[in-house]
């Protein structure tokens, strides 16, 4: 899910994950709320000789989530991996300022949408007795203070991850999450620059300065390689893990 991306100078998490999985031999169903963005990712994969298909879906609709799973089963007869890469933050603010409509929308997309997609996938994975789910959370799940709804939604994603891992281990299903820190992605850098009326270079420099490891943000490829490992057979005994990919930001105190 979320295999398209916001237009920008760099690559987003969902697109990088889809491309990397295809490079490793996976056949990928690229799903996005905006079908044309999923098609762009598919074209990039095809150009490299990979196999991918595009599908439009809205994770806030249970019927769409079910449709994604049905499309995968119709094409391959099974569903081996689900990557939940969904997250919005438009209109967010601290708890004393965020509007109810914005709060509801962010929770609905980031948390409920991920649950709906997971629920649909679990029906097939439990039936086949195997599967790997990778949820894209955020360091905001454990840090921050200016994006109440986003932070709460991602904390919920972490708990959803551990709950699914525990409830489905006996069915051979693994569920893990990644908590990216500050990443140089279009949604982050271009989105913040537009909201603040600053240049992307200004935003990039300020974010880089906050990262302990090397004084530079990570990229979507860092998220993608973490997702590749957690979805792979090399991680066959890992479930319920919440993996920080944040350049040591999560362990910084003071």
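Some notes on this structure:
- Inter-part distance where segment 68-104 and segment 6-66 are each reduced to a Cα centre, Å: 14 Å
- Residue 36 paired with residue 199, simple spin-label distance in nm, labels 7 Å along Cα-to-beta-carbon: 2.9 nm
- C-alpha long axis of helix 13-23 to longest principal axis of the chain, angle in °: 40 degrees
- Computed from the alpha carbon atoms alone, the convex hull of the chain holds 127 Å³ per residue.
- For the chain, adding -39500 (n - 2.57) for each run of n ≥ 4 DSSP H residues and dividing by the number of residues yields -14000 deg cm²/dmol at 222 nm.
- Computed E for residue 225/residue 163 - FRET, C-beta separation, R0 22 angstrom, nearest 0.05: 0.30
- Peptides 28-40, 187-199 ranked from most to least packed by the mean count of surrounding Cβ atoms within 10 Å: 28-40, 187-199.
Read the figures in this text as sums done on the coordinates, not as results from a lab. Everything numeric here is computed off the predicted structure, so don't read it as measured data. Note: ideal-geometry Cβ built from the backbone for every residue, glycine included; neighbour counts use all protein chains shown.
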